[in-house]
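A short write-up of the structure that comes next.
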Number of protein chains: 2
Amino acid sequence: MCGIVAYVGHREACPIIIKGLKRLEYRGYDSAGIALMNGDLNVYKKKGKVADLEAFISDKDVHGNIGMGHTRWATHGEPNDVNAHPHYSSSRNIAIIHNGIIENYAALKTLLISKGHTFQSETDSEVFINLIEDIRINNNCTLVEAVRLALHEVVGAYAIVVLSKDDPNQLVAARKGSPLVLGIGKGEYFLASDATPIIEYTNEVVYLKDYELAVIKDGELDIRSKEDIKQTPYIQHLELTLDSIEKGGYEHFMLKEIFEQPRSIMDSMRGRMIVESNHLMMGGIREFENKFANAERILIVACGTSWHAGLVAEYLIEDFARIPVEVEYASEFRYRNPIVRERDIVIAISQSGETADTLAAIELAKSKGATIFGICNVVGSSIARATDAGAYTHAGPEIGVASTKAFTAQVTVLTLISMIIGSKRGTLETSKLHQLMAELENIPAKVEQALALDEQIKRIAAQYQDATNFIYLGRGYNYPVALEGALKLKEISYIHAEGYPAAEMKHGPIALIDEQMPVVVIATKDSSYEKIVSNIQEVRARKGKVIAVVTEGDTTIPTMADHVIEVPETSEHLAPLLSVIPLQLLSYHIAVMRGCNVDQPRNLAKSVTVE
Amino acid sequence: MCGIVAYVGHREACPIIIKGLKRLEYRGYDSAGIALMNGDLNVYKKKGKVADLEAFISDKDVHGNIGMGHTRWATHGEPNDVNAHPHYSSSRNIAIIHNGIIENYAALKTLLISKGHTFQSETDSEVFINLIEDIRINNNCTLVEAVRLALHEVVGAYAIVVLSKDDPNQLVAARKGSPLVLGIGKGEYFLASDATPIIEYTNEVVYLKDYELAVIKDGELDIRSKEDIKQTPYIQHLELTLDSIEKGGYEHFMLKEIFEQPRSIMDSMRGRMIVESNHLMMGGIREFENKFANAERILIVACGTSWHAGLVAEYLIEDFARIPVEVEYASEFRYRNPIVRERDIVIAISQSGETADTLAAIELAKSKGATIFGICNVVGSSIARATDAGAYTHAGPEIGVASTKAFTAQVTVLTLISMIIGSKRGTLETSKLHQLMAELENIPAKVEQALALDEQIKRIAAQYQDATNFIYLGRGYNYPVALEGALKLKEISYIHAEGYPAAEMKHGPIALIDEQMPVVVIATKDSSYEKIVSNIQEVRARKGKVIAVVTEGDTTIPTMADHVIEVPETSEHLAPLLSVIPLQLLSYHIAVMRGCNVDQPRNLAKSVTVE
């Protein structure tokens, strides 16, 4: 995690860095700090948000045309002033900002202490900068050379920028595993974890590659490979607009993003499905259609909410295309010698396209010869660049840490893909396909109807805002929705919520149910409707409070449940796109009522770029 | 769920029924009741345990040589006196005990009300008995004929016994989906959900088949098929002994069963592995070895704790035999048109062998032509009888509702199976196989060492007995152990505990972590050790309390964790058999300290014989 920004050029560096850090706060907000070169190498840092740092430096001299800043998501050492970045070396001659984790930091630290280095913080990053200093002194070499040699010693992931008192016009940057974008302006350069701090000033960017080392000195850019061979930078022109990353009148980004879903789902289908002409096509998949159709097995790797979208896809693909699907946590997949064969296809799902575990899983699957298909939201992200083919979800930037519109966009794209493969394989009848297409086209309007339940859901939220626990139950297509609903509540309200396939409740979780326990049951009309009605009875028999999400017009469940939320009728294959909406709203309102920071929940960060 | 007992013969029925119900309390203990024929048809029933019923009838006239009793696990209607079984018909001329769920009860109830029947309870069972009465009156037929016709009208699962005032020497019984055993004594007959209420009196039993109707009248037994064709009963001789179902000096069955694990794991290996002669063989698998070795895919279906054993098996089989494995919740599998092909093998895991969803999943997989392999603990159980082949776990009867020794026995048997397949396929090197066998043989002694930690774990339990939440983390082979540890705590202490693959913590659950949150991390030395050390750092950075299960001699984690529990070193493939032991003990002690009923936790039942 963590966000980093650096600047060198003709303007004042500090305001550019502070503004950039605010854009990157979705990557972490435990502490923030800035280093500026103005005569001396000055570091200012503070526990808390970027705004706290801003207040802290308001009476300091922060002039200067070169500097770097960091917003932190704590991995080693708790969030406090000392552990905040930038970190000086022992001599205070050089300083570093670092995003990533150095795994062998403990051994390196022991070694450096024995050589006389001293440490202020508990971070792995401070070990990194002292290692660089130690090499520079011992080898009597340049800073750039010392950084290059240090990169050979560290194990782990990093994006770093290093400043030195002795080279006041120089930025040294490198990356492996963590993202780093370089912006090229007129006589000025920017470095950042993503392009948002940069686009205000320039559209010309270079995505640094793993193991590349970039040096900006006296207005000149020099990029070198691991082997110290000069690289010609591949400059890309970005289309990102500024207003797409603002709040637009809503109280929180999350609420804005929930209400954007009719449009974001539509955007995810746009150009890919035209119902009138029975046209169904996806650019990213076209040349891989045969591979998909002949796949022996499809493996889906993802984390968190994307993993839930993967579970929905498992049901869809197995139903429509009759190809066995296995959904894996990316973190588990990569460490267990998984079975991946050449005729297998691996689908990697990630909103940010930067999820470290998912990226590593992709590399592993690649090394075993599988075809890798990526589904991500951020254009030009690491996963988009690491895969053989893929499809963007086109949900637009998602800033709220708890994912909402990215989830429904992922499910939409995965629905299209499973329909395409099913149709290609002949396992999905044409008449059924056309029926599904027509129904899918209606989804944005039905999501709009579901969003109109906002006031009703707010009233329900008011009744349960003080609950300490929640259980979410669903069957079939609604089982992943139960998991996702629980995760949303957990993330932003800090209420311990847990999702379960409804029938599993009896194998343990039912012991938790008493009159204190709200149980959200997703019970829309589908093939397991009768079964889930029985599960509601079982919850009621233990006096649990039942909040049921049902299909419009249901007359049975309203006689049993404490609260009933009606969503429009749709095909059971598309149910997750509708039934998840009230659960997003429920979590949102409960979190707001509890006074939680909805867009930046504690301990979390938007994209998990460490393992 | 629910347990049923009935008796007709020359002895007093009541003491036999009460004693039998106590043996069946593992099947549910929400309420209990008894019906006796002595002049009139008398019903006595009470919310609570069988002991409460016993107190209630102490001043009643309970003489008589024919009767039936029921101990309930509530499905329709909360646990109270009225919803307790037996249930009279409206006229009070006939009465029923029922185990199972009638799915179309609502429609039938509406119909019967329109015909003048009245209802006292909210149960589906009372609908059943009134349906029988309605048919008897309308068709002017015998009770037996009315029951037979009623069975054609009900949808769902049942084991029933019916008594009638007009036929004072007759028991009518039937089953579909729920178990029913008939014991044959000298001039006396027994009916029960399993053999434990019967074995004290006779070893000769008949397992009733689905759709069979048994009538015992005037000392004669008559079993009929669905089509009313007389069946010749297949009488089996049981070997079960009485002392195997007693507590043996421990305070609770659960503790007894935890401490039995060195022996039960040994019993699960006995005769299957002889290390000196490198002999590895499993009766149940022998004739299926080729099928296993050539399997395209292995599907594992299970629920609850058995599902966790299935997850361990996924890692083992993929590691050793390189065959793709998919682990499914039985309840999800059966309702989603799963892909099952003829070269697939389905492994069904269930302690009781009666789990309704697992049984139904087996039937579905069978219908698709797959080979079904069962792993269960109860000899002669429905699953054992429904599968093509299988292996018993030989853990001995498990009475505590929270499964402990059955889990380790399942894992042991699954380890043996994956070693056999891996060896057969040549994917597991002989030298590694022999190493694993030697290591597996040492496991019972190492489990003994882990059990010696009991006092230390008790001290830790004392510190966290008032916690409201727990998180359990593990990676790789220890990920299913984290799930299982959380489930144990949830089941018996009613603390909301949740297990997660450690890396997923950052995708949401970490928001729950503050200084109140105990986090159990299973961090034994294995290939992902360094990664889980990072996860411990992340928890500490948020001030969570870390209880770590580590390998003996670990020097790193003790510097970080609040509590360290050391288990003996072993191969990472066998780690779950050791690392789960402290988690079982931790849950046990916390539950005891909270004053919970460890062996019979609220809302739960031992084997989940409804969906």
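The values are calculated or read from the model by the stated rules, or taken from the named source; none is laboratory data. If you're wondering where the values come from, they're calculated on a predicted model, not measured in any experiment. Note that each Cβ is placed from the backbone with ideal geometry, even for glycine, and that neighbours are counted across all protein chains shown. Side chains included, ligands, DNA and RNA excluded: accessible areas come from the protein's heavy atoms. Shrake-Rupley method; radii C 1.70, N 1.55, O 1.52, S 1.80 Å.
Relative contact order of segment B:374-475: 14 percent, from C-alpha pairs under 8 Å at least 6 residues apart in sequence. On full extension, the segment bounded by B:ARG11 and B:GLN449 gains 152.7 nm, given 0.36 nm per residue less the C-alpha separation. With θ taken as phi - 60° and the Karplus curve 6.51 cos²θ - 1.76 cosθ + 1.60 applied, the whole-hertz 3J(HN,Hα) list for segment A:35-41 is 10, 10, 9, 8, x, 10, 9 Hz, x standing for glycine and proline.
Using C-alpha pairs below 8 Å separated by at least 6 residues, the relative contact order for chain A is 12 percent. Summed over both chains, the contact between A and B buries some 7000 Å² of accessible surface at a probe radius of 1.4 Å. The alpha-carbon positions of segment B:3-243 define a convex hull whose volume is 111 Å³ per residue. For chain A, the Cβ-based charge dipole about the Cα centre amounts to some 460 debye (Lys, Arg positive; Asp, Glu negative; other atoms uncharged). Each copy carries a label point for A:HIS237 at 7 Å from Cα toward Cβ; from one copy, the others' points are 9.1 nm away, ordered from shortest. Would you compute the Debye intensity of segment B:453-598 from its alpha-carbon atoms alone, equal scatterers and no solvent, and pass along log10 I(q)/I(0) at q = 0.11, 0.18, 0.19 Å⁻¹ to two decimals? Evaluating at q = 0.11, 0.18, 0.19 Å⁻¹ gives log10 I(q)/I(0) of -0.34, -0.97, -1.10. For B:LYS458, the label point sits 7 Å beyond Cα toward Cβ; its separations from the matching points on the remaining copies run 5.6 nm, from shortest to longest.
Paramagnetic label reach from B:LYS165 (point 7 Å along Cα→Cβ; backbone nitrogen cut-off under 13 Å): within segment B:27-54, residues B:37-43. Extent of segment B:176-273 along its three principal axes (Cα atoms, max minus min coordinate, largest first): 49, 30, 23 Å. When only alpha carbons are used to place a centre, segment A:89-135 and segment A:457-520 end up 44 Å from one another.
What the Cα atoms of segment A:521-608 give is an Rg and a Dmax of 15.5, 44 Å. For segment B:404-500, the Kirkwood estimate of hydrodynamic radius, built from reciprocal distances between every pair of different alpha carbons, is 15.8 Å. Normalised size of segment A:44-171, defined as Cα radius of gyration per 2.2 N^0.38 Å with N residues, equals 1.04. Against chain B, whose longest principal axis is taken from its Cα atoms, helix B:454-464 shows a tilt of about 80°.
For segment A:248-447, which whole-number percentage of the solvent-accessible area (1.4 Å probe, protein heavy atoms only) is attributable to carbon and sulfur atoms?
48
Counting only other chain Cβ atoms within 10 Å of each residue's Cβ, the peptide B:71-78 averages 3.
On average over all directions, what projected area in square nanometres does segment A:225-366 have, based on the convex hull of its Cα atoms? Approximately 13.1 nm², given one-decimal rounding.
Could you work out the helix-only [θ] at 222 nm for the protein assembly as shown, with each DSSP H run of four or more residues adding -39,500 (n - 2.57) and the total divided by the number of residues, to the nearest 500 deg cm²/dmol? Don't skip to the end; give the middle numbers.
Details: 38 runs with 446 residues, N = 1222.
Here the helix-only value at 222 nm equals -11500 deg cm²/dmol.
Distances between placed amide hydrogens fall under 5 Å for B:ILE339 paired with no residue 5 or more residues away or on another chain. Relative to the longest principal axis of the Cα atoms of chain B, the long axis of helix B:430-451 lies at roughly 70 degrees.
List, by residue number, every residue in segment A:485-499 with a reduction of 50 Å² or greater in accessible area between the chain on its own and the complete protein assembly, 1.4 Å probe. At a threshold of 50 Å² (probe 1.4 Å), the residues of segment A:485-499 that become less exposed are A:LYS490, A:HIS496, A:GLU498. Phi-derived couplings, Karplus 6.51 cos²θ - 1.76 cosθ + 1.60 at θ = phi - 60°, listed residue by residue for segment A:130-143: 6, 4, 4, 4, 4, 5, 4, 5, 5, 8, 6, 10, 6, 4 Hz, with x used for Gly and Pro. Hey, any idea what % of segment B:3-243's accessible area is carbon plus sulfur with a 1.4 Å probe? So the carbon and sulfur contribution to the accessible surface is 50 percent. Compared with its chain on its own, segment B:457-478 contains the following residues whose accessible area drops by 30 Å² or more in the full protein assembly (probe 1.4 Å; ligands, DNA and RNA excluded): B:ASN469, B:ARG475. Any idea what diffusion coefficient chain A gets from Stokes-Einstein, in µm²/s, Kirkwood Rh on alpha carbon pairs, 10 °C, 1.306 mPa s? So the translational diffusion coefficient is about 62 µm²/s.
At a threshold of 30 Å², the residues of segment A:522-560 that become less accessible to a 1.4 Å probe in the full protein assembly than in their chain on its own are A:LYS531, A:SER534, A:GLN537, A:GLU538, A:ALA541, A:ARG542, A:LYS543.
In this structure chain A gives 32 Å² per residue of accessible area when probed at 1.4 Å with all protein chains present. Between B:GLU342 and A:HIS63, the simple spin-label model (points 7 angstrom out along Cα→Cβ) gives 8.6 nm. Note on B:296-306: average number of Cβ atoms from other chains within 10 Å of each residue's Cβ is 2. With both labels modelled 7 Å from their Cα along Cα-to-Cβ, the B:HIS152 to A:GLU289 distance reads 5.3 nm.
Legend: Rg and Dmax of the protein assembly as shown, from Cα coordinates, 32.2, 109 Å. Kirkwood radius for segment A:248-447, taken over all pairs of different Cα atoms as the inverse mean of 1/r, rounds to 16.8 Å. Placing a label point 7 Å from the Cα of A:ALA106 along the Cα-to-Cβ direction, the distances to the matching points in the other copies come to 5.8 nm, shortest first. Per residue of peptide B:320-333, the mean number of Cβ atoms on other chains within 10 Å of the residue Cβ is 4.
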